[in-house]
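Below you'll find the structure, written out as structure tokens, and then a few comments.
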Amino acid sequence: MVKERYVRNMQQARTSIVRQLHTLKLLVSGLDIDKSHFTPKLTETAFGKWFYSEALLFSSETSRNCLKDIEKSLLEFHTHFTEIYTLYYGRRTCLLLMLLRIKRRPSAAEKAAAQQLYEKIIPLSDRLKQQVNRLAVILEKMPTEAFCELSHTPDNRRLSA
């Protein structure tokens with residue numbers, strides 16, 4: 001059923017925030033994490049894709065404030081994420097190091113700054129997960145007919161099938 005699929009996608013997006021947080025934890029803990037594990041553009045992250053392509057489709061009277069809260073938390077989370085990403089991967093390395101394939105390591109001050117940013121992200125992540133859970137409850141309580149009748153849902157004919 002379509003409603004369950006959207007709720008499942010929401011839970012997968014929530015899980016992507018947990019994965020992103022764990023990857024950041026490993027990075028600031030000193031492990032060498034490949035740059036490919038990070039997606040610096042918000043709309044290209046799993047959560048960003050879900051939020052901006054699917055979640056906003058279900059903006060109704062009951063969910064509008066919840067969606068605004070999610071977006072506010074998401075933007076704040078991503079701002080801190082981007083700052084950490086920049087500390088580890090955003091700096092240019094000298095040509096000699098690039099030719100030798102040696103990665104420039106962050107300084108002690110940069111590591112400390114990243115750790116502080118990570119500490120700020122933890123409660124943001126928790127708040128974001130709670131907000132997504134709240135949205136899930138709103139959508140799960142919504143009758144299937146009302147869910148399918150939302151004017152923002154793509155191709156209502158397919159949803160009701």
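The table below gives the values:
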{"read-out": "Phi to ³J(HN,Hα) by Karplus 6.51 cos²θ - 1.76 cosθ + 1.60 over the range 62-79, Hz, x for Gly, Pro", "value": "7, 10, 4, 5, 4, 5, 5, 5, 4, 5, 4, 5, 4, 5, 5, 4, 5, 4"}
{"read-out": "Accessible area (Å², per residue) of the range 1-71, counting only protein heavy atoms and a probe of 1.4 Å", "value": "56 Å²"}
{"read-out": "Segment Val2-Thr82, extension gain: residue separation times 0.36 nm, minus the distance between their alpha carbons", "value": "25.4 nm"}
{"read-out": "Residue-wise HN-Hα coupling along the range 7-15, computed from phi with Karplus coefficients 6.51, -1.76, 1.60 (Hz; x: Gly, Pro)", "value": "5, 5, 4, 5, 5, 5, 5, 4, 5"}
{"read-out": "Dipole in debye (nearest 20) - the range 1-47, about Cα centre, beta carbon charges: Lys, Arg +1; Asp, Glu -1", "value": "240 debye"}
{"read-out": "Zone residues, the range 46-69, relative to Arg19, backbone N less than 17 Å from point 7 Å out along Cα-to-Cβ", "value": "46-52"}
{"read-out": "Table column - 3J(HN,Hα) (Hz), the range 36-47, Karplus curve with 6.51, -1.76, 1.60, x for Gly and Pro", "value": "5, 7, 10, 10, x, 8, 4, 6, 9, 6, 4, 5"}
{"read-out": "For Met10, net neighbour charge (Lys/Arg +1, Asp/Glu -1) across residues whose Cβ lies under 13 Å away", "value": "+4"}
{"read-out": "Highest-first arrangement of 57-68, 31-42, 14-25, where packing means the average Cβ count within 10 Å", "value": "14-25, 57-68, 31-42"}
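The values are calculated or read from the model by the stated rules, or taken from the named source; none is laboratory data. Predicted, not measured: the structure shown is a model, and the values here were computed from it. As a convention, Cβ positions derive from the backbone with ideal geometry for all residues, glycine included, and neighbour counts pool all protein chains shown. Accessible surface areas use protein heavy atoms only, side chains included; no ligands, DNA or RNA. Shrake-Rupley method; radii C 1.70, N 1.55, O 1.52, S 1.80 Å.
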